[in-house]
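Accompanying notes for the structure given below.
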Amino acid sequence: MPSKITLGPITRAQNSCSVEVSIESGKVVDARCGVDFFRGFELILKGRDPRDAGYLSQRICGICSAAHGTAAAMALEDAAQIRPPRNGALLRNLILGADFMQDHFRHFYIYGLPDYVEGPDMGPFAQGYTKGFRLSKKKNDLLMKHYKQALDIARLNHEMVTLLAGKAPHNQGLLAGGCTVPPAADILAEFQSKLKKVRAFIKDVMMTDMMVLAETYSDYYHIGTRSADFLEFGLFTHPENSQKRTFPSGALINGQNKEVNSSLIAEHLRNSWYDEEAGAQHPAQGKTIPNREKTGAYSWVKAPRYDGKSVEGGPLARLWIKGDYQRGVSVMDRNMARVLETEKIADLMVQWLAELEPGKPVFKSFKMPSKAEGIGLTGAMRGPLGHWLKIEKGRIAHYQIITPTAWNFSPRDASGQLGPVEEALIGTTIEDEKEPVEIGRVIRSFDICSACASH
């Protein structure tokens, strides 16, 4: 008879998610991942001015808000058939890039590192796991020092967002049509100064810390594995062509990388706390009808599938599809890809900063359509993010969002197919059921954000 472990709330993952695993002969043989609270942003947005979506949807998450602002802006631009001017596109990339980096810093150091580094007997480390730490005292102390430094580096990135977008998180400067802050010389000089410090930390500290973890915990290249089935909507638009992305879109299914066809997306509700009206539905038609008493359900997260397949998103998916990193699919591969992506984004931002043209427009005005539909698809910190918008009589008549964590942390679908994190947990060896540190390492390698997932 398998034993069961229930962890919830899972710390350093927005604290509202839980997992139940069944263990037999020391290995995970089954897993159920769930999110335990409902926030209802899709319902909140109905009836509002479409321009409100960019600001309200950012409140879905405090750590990846610029991604939601970007997707909402793209959805309205698609509906209104406009594109931002060149400067607007570059500024948007810089705002989103800075927000990406602060997220990656915080995940790698603040959320992820405590799984591998033994902290002091004080908050937030007190009463944590006592087993499974392997680093020498010298290396452990060095990474703890970098843990503290990373707080300042992450803050620098939020300061960069604030310079170009007014505030962080939940910025006010990124909107449909472009951006609000023109690239003045003094602002760009300060932005460049902060970016220089961030890049130095990535190259001199973060990359080395990642190599230390990879060497010390090399067995985690074989833990948290699953098939290389990935999805990415494309990240950072080209200033001359909004359809072209620096990190390309792609759907890697059964070893074949194909162009993304958004019509192949469907959300399953069988094991989610929502009423089902017509089975799995495309988000353009899908509805959000909460039902906490639904029999058999175990999560507020819906189960999105691409062409019927459970797919993973995030830095590993992006770099794999781009062809930059294809070593494997595991805990350590996800961690490595996140650090490599941070370095790539920092280098790209130097280029975008140099391409800005002072005095040129940053925003294109437009007439709000009375009736229209739009889709905003972008890469986000944890994977593919999509906003689906329908406008009627100048107001939001329908709004659906599929977040990266919904893809990664989804429950089973109507056919019983597991979500990516559930799949990755299967086969994980648990050395001590009283301190199952391995479970947290697998889950946090996906950079789970349950606040996003249960919007």
*For residues in the stretch 135-159 being surrounded by 12 or more Cβ atoms within 10 Å (Cβ to Cβ) and basic (Lys, Arg), which is farthest from Met210 (Cα to Cα)?*
Arg155
*Would you mind telling me which numbered condition in (1) within 24 Å of the chain's Cα centre (by Cα); (2) of a type in the set (Val, Ile, Thr); (3) at pLDDT 95 or above Ile82 fails?*
(1)
_Selection status of Ser25, loosely packed, with under 13 Cβ neighbours inside 10 Å and out of contact with any strand residue (DSSP E or B) (no Cβ under 8 Å at 6 or more places or on another chain)_ = yes
_Which listed residue is of a type in the set (Val, Ile, Thr) and assigned to a strand (DSSP E or B), from Thr342, Thr378_ = Thr378
*What number of residues within the stretch 223-255 satisfy the criterion of being out of contact with any strand residue (DSSP E or B) (no Cβ under 9 Å at 6 or more places or on another chain), at positive phi and surrounded by 20 or more Cβ atoms within 10 Å (Cβ to Cβ)?*
1
*Within the stretch 411-422, is there a residue that is on the phi < 0 side of the Ramachandran plot, assigned to a loop (DSSP other than H, G, I, E, B), open to solvent by 30 Å² or more (accessible area, probe 1.4 Å) and touching a strand residue (DSSP E or B) at 6+ places or on another chain (Cβ under 6 Å)?*
yes
*Can you tell me which of Val350, Val329, Val339 is open to solvent by 50 Å² or more (accessible area, probe 1.4 Å), more than 24 Å from Ala72 (Cβ to Cβ) and of a type in the set (A, V, I, L, M, F, W, C)?*
Val350
*Which condition does Gly394 not pass, out of (1) on the phi > 0 side of the Ramachandran plot; (2) in contact with a Leu (Cβ under 7 Å, 6 or more places away or on another chain), if it passes all the others?*
(2)
_Can you say whether Gly26 is farther than 16 Å from Pro411 by Cα and modelled with pLDDT of 95 or more, as far as the supplied structure shows?_
yes
*Within the stretch 165-195, how many residues turn out to be crowded, with 18+ Cβ neighbours inside 10 Å and touching a strand residue (DSSP E or B) at 6+ places or on another chain (Cβ under 7 Å)?*
5
*For Gln102, all conditions in the list (1) part of a loop (DSSP other than H, G, I, E, B); (2) closer than 25 Å to Val161 by Cα hold save one; what is the number of the exception?*
(1)
*Top-ranked residue in the stretch 256-274 [being open to solvent by 30 Å² or more (accessible area, probe 1.4 Å) and either hydrophobic (A, V, I, L, M, F, W, C) or in contact with a Ser or Thr (Cβ under 9 Å, 6 or more places away or on another chain) (or both); ranked as farthest from Phe230 (Cα to Cα)]*: Arg270
*Kindly list, by first and then second residue, each pair from a residue in the stretch 138-155 that is over 15 Å from Phe108 (Cβ atoms) to a residue that is of a type in the set (Ser, Thr, Tyr) and open to solvent by 20 Å² or more (accessible area, probe 1.4 Å), limited to pairs with Cβ atoms under 8 Å and residues at least 6 apart or on different chains.*
Lys139/Thr216
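Out of curiosity, is Ala66 within 22 Å of the chain's Cα centre (by Cα) and under 29 Å from Gly394 (Cβ atoms)?
Numbers: within 22 Å of the chain's Cα centre (by Cα): yes; under 29 Å from Gly394 (Cβ atoms): yes.
Yes, satisfied.
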*Go through Ala176, Ala185, Ala200, Ala168 for me and flag whichever is over 26 Å from Pro84 (Cα atoms) and small (Gly, Ala, Ser).*
Ala200
*Would you check which residues across the stretch 28-40 are under 24 Å from the mean Cα position of the chain (by Cα) and surrounded by fewer than 19 Cβ atoms within 10 Å (Cβ to Cβ) and list them?*
Asp36, Phe37, Phe38, Arg39, Gly40
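The values are calculated or read from the model by the stated rules, or taken from the named source; none is laboratory data. Predicted model only: the values in this text are computed from it and were never measured. Every residue, glycine among them, receives a Cβ derived from its backbone with ideal geometry; neighbour counts consider all protein chains shown. Note: areas computed on protein heavy atoms with side chains; ligands, DNA, RNA excluded. Shrake-Rupley method; radii C 1.70, N 1.55, O 1.52, S 1.80 Å.
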